[in-house]
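The values are calculated or read from the model by the stated rules, or taken from the named source; none is laboratory data. Fair warning: this is a prediction, and the values are worked out from it, not measured in the lab. Don't worry about glycine lacking a Cβ; one is built from the backbone with ideal geometry, like all the others, and counts go over all protein chains shown.
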Amino acid sequence: MNRDRLLRIGGPILLFVLLITAWETGVRVFQIQQMILPRPMQVVDALVAGFANGTFQKHLAVTGKEVLFGYLLGVTLGIAFGAAIALSRTTEVLLYPYLLALQTMPKIALAPLMMIWVGFGIESKILITMIVAIFPVLVNVIVGLRSVEPDRIALIRSLKGGTWPEFVWVRLPSAAPYIFAGMKTAVVLSLLGAIAAEFVGAEAGLGYLMSQLMFRLDTPGVFAILVLLGAIGVLLFLFADWLHRKIVFWDASANERWGK
Amino acid sequence: MPEPVVPPPLAPTVAGAPPGTAPAAPAARPMIDLDHLSVVYRTRASERFVAVADVSLQVREGEFCVIVGPSGCGKSTLLKVLAGLVRADGGRASIRGEAVGAPRDDIGFVFQSATLLPWMTILDNVLLPLKVQRRPDRAAWAERAMALLRTVGLADFARSYPSELSGGMQQRVGMARALVHDPSLLLMDEPFGALDALTRETMNDELQRLWLSRPKTVLFVTHSISEAVFLADRIVVMSARPGRIVADIPVDLPRPRDVATLDSGRFGEYSRQVRTHLYAQETPR
């Protein structure tokens, strides 16, 4: 039991140390240019410097705002549209073909259009992030609201409960595990959406900063932002996962993955 | 303990009343009246299969009526028709003289699986019917639910969640929930079918106690013969495909029935009688 725990925590750390060492020695032995592949320590230096002079904070705040607002809007709309489609045959027939078409198209490709419509500021990034975040939530809401145990529905109906009691007491909670699964996918996609939208054209943000550094061939800086983005992605996911386990506490599948 | 169910004393006038003169006698009206009821299901391949064929059945107010039959004889469908969950394709189903076309608020339904909602505590699960029906007098709700939980011996689990309870305990919560809004009719669809034999006997005993303390009309579906004889005032035997009634057996065993009842000769006699009717239908094919 304890050995397993040691392996689970110690193993990845050991691998990390090995990889970093290999990277550091590799770059030194083969004398690779910093522009192509910086040494790990140079990346750390760039990361520290970026925070020391305040640039990272400034751009992080912008990207953070884009992700936060875009994500929240996307989740809200995803749940609303999903519920409308799952609960009403009319909305389903009307909207589903279009949603399917939108779903299969690469949403990032809408970024240039958004720039034209709402400019290069934060608003266009929020819109893109929102569009990217909607779909995983929407699809899961539809599946979740529809895959309710028939007996649970029969229970509410046998009590003379109508569509609304059925929704609040049974459908929505039954769908919650699905909704959270969608929200976890969406959180990762949101970050992707915001960064990609910033690449297309922006005035601030980590994606914008990254393209600036790239033009200056500041490869350590680019790596530093990559590390930062990786850390943000993991933190966002862990937060969504924590929320999942807190709110949908009865869902066994939420806990299994962590071997609890 | 005296038997709580007394048959209505005014039977003689009903049958022999001269036409035109008899005023309607409401006391004699049955609680449940199924009149030539049929239900047809359509499968995906648009085949029709007759689940219930021409079933007529009257159940008295306060009677504990058990329907026994093989799987697929449409006995669950009968309950669903009465609960307003399935529409009849022919004939008529009425409760206290009112035709059933939609769900009613005075029915308690106990499902085969306990069907508790895993995100609610046991107490909240029991309260569900009151919440769904927005019953008045909210302040008294919790006390009513707790009283029922005490009756089924689960008061200490009020704050627990369903996943922390065994199958038998969950089904007892299911019974408490079906009774919390004080329904006049209790429909039970093989409620103990998924439990092991020992738990099942305990549950039968528990249900009998519950029923003796709060007399209600009960329509109970099962495919266990001993369960039927133990619980019933009257056993209705159904045949499979199409489901129709093949026997109607009043069970005259003193209550409360207990383990000794199970071993008595008359219990065995009733069981044999039910079994004979159940197996009689199998031979023609």
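One table, with the values for the structure above:
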quantity: Only one of B:Ala158, B:Ala145, B:Ala102, B:Ala140 that is on the phi < 0 side of the Ramachandran plot, out of contact with any strand residue (DSSP E or B) (no Cβ under 8 Å at 6 or more places or on another chain) and within 12 Å of chain A (Cβ to nearest Cβ); calculated: B:Ala102
quantity: Qualifying positions in region B:105-119 - outside any strand (DSSP E or B) and either surrounded by fewer than 16 Cβ atoms within 10 Å (Cβ to Cβ) or at the interface with chain A (Cβ under 9 Å from one of its Cβ atoms) (or both); calculated: B:Asp105, B:Asp106, B:Phe111, B:Gln112, B:Ser113, B:Thr115, B:Leu117, B:Pro118, B:Trp119
quantity: Selected residue (criterion: surrounded by the fewest Cβ atoms within 10 Å (Cβ to Cβ)) from residues of region A:148-190 that are more than 30 Å from A:Lys65 (Cα to Cα) and of a type in the set (Gly, Ala, Ser); calculated: A:Gly162
quantity: Filtered residues of region A:143-193 (kept if among the charged types (D, E, K, R) and either assigned to a loop (DSSP other than H, G, I, E, B) or within 14 Å of another protein chain (Cβ to nearest Cβ) (or both)); calculated: A:Glu149, A:Asp151, A:Arg152, A:Arg157, A:Lys160, A:Glu166, A:Arg171
quantity: Residues of region B:126-146 that turn out to be assigned to a loop (DSSP other than H, G, I, E, B) and closer than 10 Å to B:His181 by Cα, as a count; calculated: 2
quantity: Those helices (runs of 4 or more DSSP H) lying entirely in region B:207-285 with at least 2 residues within 26 Å of B:Ile107 (Cβ to Cβ); calculated: B:225-231
quantity: Matching option when the condition is under 30 Å from A:Phe167 (Cα atoms) and not small (Gly, Ala, Ser), among A:Phe56, A:Phe69; calculated: A:Phe69
quantity: From the options A:Ile126, A:Ile122, A:Ile131, A:Ile179, residue that is closer than 18 Å to A:Leu73 by Cα, in contact with a helix residue (DSSP H, G or I) (Cβ under 7 Å, 6 or more places away or on another chain) and at pLDDT 95 or above; calculated: A:Ile126
quantity: Residue satisfying condition, being under 21 Å from B:Gln171 (Cα atoms), modelled with pLDDT under 90 and surrounded by fewer than 19 Cβ atoms within 10 Å (Cβ to Cβ), within set B:Leu198, B:Leu212, B:Leu262; calculated: B:Leu198
quantity: Qualifying positions in region B:56-86 - in contact with a Phe, Trp or Tyr (Cβ under 8 Å, 6 or more places away or on another chain) and either in a strand (DSSP E or B) or more than 13 Å from chain A (Cβ to nearest Cβ) (or both); calculated: B:Phe64, B:Cys65, B:Val66, B:Ile67
quantity: Considering residues of region B:120-137 that are crowded, with 17+ Cβ neighbours inside 10 Å, at the interface with another protein chain (Cβ under 8 Å from one of its Cβ atoms) and in contact (Cβ under 8 Å) with a residue 12 or more places away in the chain only, the residue nearest to the chain's Cα centre (by Cα); calculated: B:Pro129
quantity: Residue check for B:Leu37: surrounded by 11 or more Cβ atoms within 10 Å (Cβ to Cβ), within 19 Å of the chain's Cα centre (by Cα) and at pLDDT 90 or above; calculated: no
